Amino acid sequence: MNNARRADLSYDIIVDAFDVMGRYLRDQCGLIGEIAVYGGTAMLLQFPWREMTEDVDVTILTGERESAVKDAAAFAAVRLGLLDDWLNNYVGGFTPETESEAFFSTYGVYPRGEAPGLRVFLAKPEYLCAMKLKALERESVDDRDFEDVVNLALEIGIGTVDHLKQLFTSFFPSETLHSSAAARLPELAEKIRLRRTR
């Protein structure tokens, strides 16, 4: 394992790693891989208020190319001195059983300015917010998931307990928000209201 620290992936490091992955996939494998990006990285790539992330949570969208994409990520880790698991697919516990393409937006192709080897899609802010609501069932460092919900709710223009519940249900129709997460909804709504009036 490389000696990189957690929480040290910036926008520049991430897009550089995508460039390395894209070149590897194109030149070594002769294919174009596709990934969907979630969590802190999806926020970092869409909003200026998220400056760093610990890792890149993804699903690999092209199953027959999964091992090639993983090899490309390992190559990028070595090339750029990243942790071995800088790109991982541990996000499954926070996604619904089925995901619609409408949950994502096209972000870009890599390497930038060259023939592509990697296509990147980002979870949309509404989907990220619903996932972060689900994540409130567990504690996070510095209550990061709570702060992420506040920031995402402000971005998408919602702020009441009912709107937060409706958003969660729209992405997780067969699930009920965990009681520990539901108990925090009034606190979230108040924090969103206070931040909106600043």
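The values are calculated or read from the model by the stated rules, or taken from the named source; none is laboratory data. Bear in mind that the values here come from a model prediction, so they are computed numbers and not experimental data. Quick reminder, even Gly has a Cβ in these numbers, built from the backbone with ideal geometry, and neighbours come from all protein chains shown.
Restricting to segment 160-197, count the residues that are aromatic (Phe, Trp, Tyr) and either on the phi > 0 side of the Ramachandran plot or in contact (Cβ under 8 Å) with a residue 60 or more places away in the chain (or both).
2
Look at segment 132-159: where a residue is modelled with pLDDT of 95 or more and a partner is among the aromatic types (Phe, Trp, Tyr), sitting 6+ places away or on another chain with Cβ atoms under 6 Å, you get LEU133/PHE168; ASN151/TRP49.
Would you say ASP84 is within 24 Å of SER140 (Cβ to Cβ), surrounded by 13 or more Cβ atoms within 10 Å (Cβ to Cβ) and more than 17 Å from the chain's Cα centre (by Cα)? Spelling it out, ASP84 is indeed within 24 Å of SER140 (Cβ to Cβ), surrounded by 13 or more Cβ atoms within 10 Å (Cβ to Cβ) and more than 17 Å from the chain's Cα centre (by Cα).
Does ASP55 satisfy the condition of being crowded, with 18+ Cβ neighbours inside 10 Å, over 30 Å from PHE168 (Cβ atoms) and not assigned by TED's automatic domain parsing to the domain that holds LEU154?
On the way: crowded, with 18+ Cβ neighbours inside 10 Å: yes; over 30 Å from PHE168 (Cβ atoms): no; not assigned by TED's automatic domain parsing to the domain that holds LEU154: yes.
So ASP55 does not fit the description; no.
Taking the conditions exactly as written (of a type in the set (A, V, I, L, M), touching a strand residue (DSSP E or B) at 6+ places or on another chain (Cβ under 7 Å), crowded, with 18+ Cβ neighbours inside 10 Å and without any contact (Cβ under 8 Å) to a residue 40 or more places away in the chain), does LEU44 satisfy them or not? Yes; evaluated as a whole, the condition is true for this residue. For THR106, the criteria (1) hydroxyl-bearing (Ser, Thr, Tyr); (2) in the same structural domain as GLY40 (by TED's automatic domain parsing); (3) over 30 Å from ALA76 (Cβ atoms) hold in every case but one, which is (3).
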